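Step one of this worksheet: look at the structure below.
The values are calculated or read from the model by the stated rules, or taken from the named source; none is laboratory data. For clarity, every value in this text was computed on a predicted model and none was experimentally measured. Cβ: placed from backbone, ideal geometry, glycine included. Neighbour counts: every protein chain shown.
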Amino acid sequence: MKLKQLSALFIITIFAFKVNFVKAGTQNLQNCEDSLQYYFSMLVDETNDERKIAINNKILFCFKEAIKTDDSFYYPFFNLKHVGIIASDDDKLRIITWNIPFSDRTHQYFGFIQYKKNRRTYQWYALNDQSDEIKKPEMAILNHKNWYGALYYQIITNKYRGNTYYTILGADLNNLLTKKKIVEILYFNNQDLPVFGKQVFKNKAIPVNRVIFEFSAQTHMTLTYDEAKEMIVFDHLSPSRPSLKDQYEFYGPDFSYDGFKFENGIWNLYPDIDVRDNNIE
């Protein structure tokens, strides 16, 4: 056989191997998704807290097996109905989150970060909810091992002085009396480890590392990024009576809106903004 024919045969063989490898990887991810779908259905129907934890341990194992492969970064997990999956618009970050609701109406959160360091290198981190142990969470600098748990639903990507910052919007169902909404900064340090929190939110006399809104569990709060205004827009919360100040189970929207705008590396507060021309839900 001639050299050119041997070379062509070698290339075809390698290509076929890669195609089969990709197919095998996709099939493994599909198998993982099927298992996850089954376990999440069990979790939703389960009423016993101990059995919920046992089922969730199987979910954690399946997710770990799935996201170990680089192909999983783009795998959509379309069939998972009880999981929040969001990705950054720079195609470098994906976050997966879900929760366990317990019988006392409290919640525990779980998740994974998938980070594309470069075109060939993918990293992942399991998120460990330590919300109950974190003192002064608005001022805390956290990481994936002591995470302020939430269900994340939106990522805003900003760059400042050569650094990339991901501002994440999240929800915490909290407990019987109150719910929370959270505005969180995530970035990756020089070791490519995730860092949660940065003192860039100027909504108080001293800027805070994250913003936590707490309000009545019986109401709804809007917190979303408005691309037209280039602002995070949110309901202004007030107590139902002045005498109930700081009793957050009596807080709710007062039909006015505030906003944060990213300017020179800072999220500056703009109170009482006009949203009449915007679709705010």
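Quick check: is even one residue across region 268-278 crowded, with 19+ Cβ neighbours inside 10 Å, within 30 Å of Tyr115 (Cα to Cα) and of a type outside the set (Lys, Arg)?
No: zero hits.
Could you please find all residues in region 132-146 being farther than 18 Å from Lys181 by Cα, in contact with a Leu (Cβ under 8 Å, 6 or more places away or on another chain) and part of a loop (DSSP other than H, G, I, E, B)?
Scanning region 132-146 gives a single hit, His144.
List every residue pair whose Cβ atoms sit under 7 Å apart, with the two residues 6 or more apart in sequence or on different chains, where the first one lies in region 232-252 and is farther than 16 Å from Ile212 by Cβ and among the aromatic types (Phe, Trp, Tyr) and the second, anywhere, is modelled with pLDDT of 95 or more and surrounded by fewer than 18 Cβ atoms within 10 Å (Cβ to Cβ).
Phe250/Ser240; Phe250/Leu244
If you scan region 196-226, which residues turn out to be under 16 Å from Ile141 (Cα atoms), of a type in the set (A, V, I, L, M) and crowded, with 17+ Cβ neighbours inside 10 Å? Steps first, answer last, please.
Of all residues in region 196-226, those under 16 Å from Ile141 (Cα atoms) come to 196-201, 206-212.
Within this subset, residues satisfying the condition of being of a type in the set (A, V, I, L, M) are 200, 206, 208, 211-212.
If the condition is that a residue be under 16 Å from Ile141 (Cα atoms), of a type in the set (A, V, I, L, M) and crowded, with 17+ Cβ neighbours inside 10 Å, then Val200, Val208, Val211 are the ones that fit.
When only residues in region 147-164 that are without any contact (Cβ under 8 Å) to a residue 60 or more places away in the chain and part of a strand (DSSP E or B) count, which is nearest to Glu214 (Cα to Cα)? Quick ask: steps written out before the conclusion?
If we filter region 147-164 for residues that are without any contact (Cβ under 8 Å) to a residue 60 or more places away in the chain, which is where we start, we get 147, 149-150, 159, 162-163.
Imposing the further condition that a residue be part of a strand (DSSP E or B) reduces the set to 147, 159, 163.
Numbers: Trp147: 18, Lys159: 29, Asn163: 30 Å.
This residue is Trp147.
Return the total of residues in region 175-233 being closer than 19 Å to Lys135 by Cα and among the charged types (D, E, K, R).
The number of residues fulfilling the criteria is 8.
Looking at Tyr148, Tyr160, Tyr166, Tyr122, can you tell me which residue is of a type in the set (Phe, Trp, Tyr), farther than 23 Å from Leu80 by Cα and over 17 Å from the mean Cα position of the chain (by Cα)?
From the options Tyr148, Tyr160, Tyr166, Tyr122, the qualifying one is Tyr160.
Return the residues of region 170-210 that are in a strand (DSSP E or B) and farther than 23 Å from Asp246 by Cα; say none if nothing qualifies. So that I can check it myself, show each step before the final result.
Going through region 170-210, the residues in a strand (DSSP E or B) turn out to be 170-172, 178-188, 194-196, 201-202, 208, 210.
Passing the criteria: Ile185, Leu186, Tyr187, Phe188, Pro194, Val195, Phe196.
Could you look through region 171-187, keep only residues that are in contact with a strand residue (DSSP E or B) (Cβ under 6 Å, 6 or more places away or on another chain) and in contact (Cβ under 8 Å) with a residue 60 or more places away in the chain, and pick out the one that is nearest to Ala126 (Cα to Cα)?
Restricting to residues being in contact with a strand residue (DSSP E or B) (Cβ under 6 Å, 6 or more places away or on another chain) and in contact (Cβ under 8 Å) with a residue 60 or more places away in the chain, the top hit is Leu186.
Any residue that is at pLDDT 95 or above, in a helix (DSSP H, G or I), of a type outside the set (Val, Ile, Thr) and under 30 Å from Tyr225 (Cα atoms) - is there at least one of those in region 39-50? Outline the logic, then answer.
Taking region 39-50 and keeping what is at pLDDT 95 or above, we get 39-50.
Still in the list and also in a helix (DSSP H, G or I): 39-45, 49-50.
This time we only want the ones that are of a type outside the set (Val, Ile, Thr), so: 39-43, 45, 49-50.
Cutting the leftovers down to under 30 Å from Tyr225 (Cα atoms) gives us 40.
Yes; the residues of region 39-50 include at least one that is at pLDDT 95 or above, in a helix (DSSP H, G or I), of a type outside the set (Val, Ile, Thr) and under 30 Å from Tyr225 (Cα atoms).
Could you tell me which residue of region 227-251 is nearest to the chain's Cα centre (by Cα), considering only residues that are part of a strand (DSSP E or B) and crowded, with 18+ Cβ neighbours inside 10 Å?
Let us first name the residues in region 227-251 that are part of a strand (DSSP E or B), namely 231-239, 251.
Applying the additional criterion that residues be crowded, with 18+ Cβ neighbours inside 10 Å yields 231-235, 237, 239, 251.
Working: Met231: 19, Ile232: 16, Val233: 18, Phe234: 18, Asp235: 21, Leu237: 23, Pro239: 29, Tyr251: 25 Å.
Among them, the one singled out is Ile232.
Looking for whichever is closer than 30 Å to Thr47 by Cβ, in contact with a Lys or Arg (Cβ under 6 Å, 6 or more places away or on another chain) and not charged (D, E, K, R) here; the options are Asn79, Asn128. Which one fits?
Asn128
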